Amino acid sequence: MRTEIGNAATNHILKPDSWLSGVVGCPAWRVESGSGSESWAMLHTDGPVFAYAKLKAGDIAEVSQLADAGFRVVDTALTFDRPISGQQSSPRSPGIRLSRPEDREAVAGIAGRAFRFSRFHLDPRFPKHLADGIKSSWAGNYFEGKRGDGMVVAERDGGVVGFLQLLWAETGCLVVDLIGLDSAWQGQGIGRDMILYAVLHGTGDGRVPTTMKVGTQAANTPSVRLYESLGFRLTSAQYVMHFHGVAKEHQ
Ligand SMILES: CC(C)(COP(=O)(O)OP(=O)(O)OC[C@H]1O[C@@H](n2cnc3c(N)ncnc32)[C@H](O)[C@@H]1OP(=O)(O)O)[C@@H](O)C(=O)NCCC(=O)NCCS
């Protein structure tokens, strides 16, 4: 095992991920290309440790190298984009609007219940409550000004049932950072309508997107279908690999 780890160490380095470390409660590292094998030794402490890598889907040799070092594929991440030009459709359903501060609790609650296909949900070594908590605090962070440039919500029967968290990337490119609906409201066109709203209104500050971009998972058929139905096209795919230190699982 040590020799195989040595092979991966020759062309990879570990960068600390302090946010993830706080979430999982142990040192957490992101694997990047580079040389400097001393950092690789951080995976072999006596205590718990977590690391992850995102590799181009065509880099099978690198995937094999990290698999030999104890990393496991947990997810295939897909990126889609969609240029926006000409006349755009409007949302069909009522109740789609920009979020307000008082939506925080409802949005964080939906985010903590709706997701099943994130890399944390797909990794059998992560307890579900931890994976749910990651999504809940991700969406909640929008209301604390820590993540995202805008949020669209969908209201039904006087309550928020879905949200769409948005980020501006390069000029004119609006990123779907997170989208989720309570399960009772899925499959009714609400996800599509929240995206159509963002196409028309951006984040509500006068900027209008010329492109939209989104990342999802190959296992997440409903979301892939949603993006396909709106004309998004696949642009790239990555394997996501996780490493859990042997000393202790995250319980
Ligand atoms: C993914 C999600 C946001 C889609 O929103 P939605 O409101 O349920 O989707 P819509 O009703 O607007 O459907 C849009 C398209 O997706 C398709 N679709 C929706 N749910 C589907 C399902 N379960 N299986 C297959 N296709 C599905 C619809 O058929 C429709 O395509 P069509 O116009 O070709 O018929 C929603 O399922 C969800 O909240 N999932 C849990 C959270 C999540 O995984 N978010 C995505 C992270 S990237």
### Message
I'd like to know if the stretch 83-106 contains one or more residues that are in contact with a Pro (Cβ under 6 Å, 6 or more places away or on another chain) and crowded, with 16+ Cβ neighbours inside 10 Å.
### Response
yes
### Task
Looking at (1) crowded, with 17+ Cβ neighbours inside 10 Å; (2) among the small types (Gly, Ala, Ser); (3) in contact with a Ser or Thr (Cβ under 8 Å, 6 or more places away or on another chain), find the lone condition where residue 198 falls short.
(3)
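Working carefully through the options 161, 107, 153, find the one that is among the hydrophobic types (A, V, I, L, M, F, W, C), outside any helix (DSSP H, G or I), in contact (Cβ under 8 Å) with a residue 40 or more places away in the chain and over 23 Å from residue 221 (Cβ atoms).
The match here is 153.
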### Task
Note down all Cβ pairs under 7 Å where the first residue falls in the stretch 65-80 and is over 16 Å from residue 10 (Cα atoms), the second is of a type in the set (Lys, Arg) and surrounded by fewer than 17 Cβ atoms within 10 Å (Cβ to Cβ), and they're at least six residues apart or on different chains.
77/54; 80/233
## Note on the structure
Restricting attention to the stretch 26-47, the residues that are under 26 Å from residue 132 (Cα atoms) and at pLDDT 90 or above number exactly 6
### Task
Give the number of residues within the stretch 116-153 that are within 24 Å of residue 78 (Cβ to Cβ), aliphatic (A, V, I, L, M) and touching a Ser or Thr at 6+ places or on another chain (Cβ under 8 Å).
4
### Query
Among the residues of the stretch 44-81, which ones are closer than 19 Å to residue 125 by Cα and part of a strand (DSSP E or B)?
50, 51, 52, 53, 54, 72, 73, 74, 75, 76, 77
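Yes/no matrix, rows are residues, columns are (1) in contact (Cβ under 8 Å) with a residue 12 or more places away in the chain; (2) acidic (Asp, Glu); (3) farther than 19 Å from residue 80 by Cβ:
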{"site": "185", "(1), (2), (3)": "yes, no, yes"}
{"site": "193", "(1), (2), (3)": "yes, yes, no"}
{"site": "206", "(1), (2), (3)": "no, no, yes"}
{"site": "217", "(1), (2), (3)": "yes, no, no"}
{"site": "236", "(1), (2), (3)": "yes, no, no"}
### Task
Answer yes if at least one residue in the stretch 201-212 is more than 13 Å from the ligand (Cβ to nearest atom) and part of a helix (DSSP H, G or I), and no otherwise.
yes
### Summary
The number of residues in the stretch 111-131 that are in contact (Cβ under 8 Å) with a residue 24 or more places away in the chain, in a helix (DSSP H, G or I) and over 18 Å from residue 176 (Cβ atoms) is 4
### Query
From the residues in the stretch 8-34 that are touching a Ser or Thr at 6+ places or on another chain (Cβ under 7 Å) and among the small types (Gly, Ala, Ser), which one is farthest from residue 245 (Cα to Cα)?
9
### Message
Looking at the stretch 45-66, can you tell me whether even one residue there is among the acidic types (Asp, Glu) and loosely packed, with under 12 Cβ neighbours inside 10 Å?
### Response
yes
### Task
Name the residue, out of 179, 134, that is assigned to a strand (DSSP E or B) and within 15 Å of the ligand (Cβ to nearest atom).
179
### Hits in the stretch 225-246 - residues which are over 16 Å from residue 175 (Cβ atoms) and within 8 Å of the ligand (Cβ to nearest atom)
225, 228, 229
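The values are calculated or read from the model by the stated rules, or taken from the named source; none is laboratory data. Note that the structure is a prediction, hence the values are computed from the model and not measured. So basically every Cβ, Gly included, is an ideal-geometry build from the backbone, and we count neighbours across all protein chains shown.
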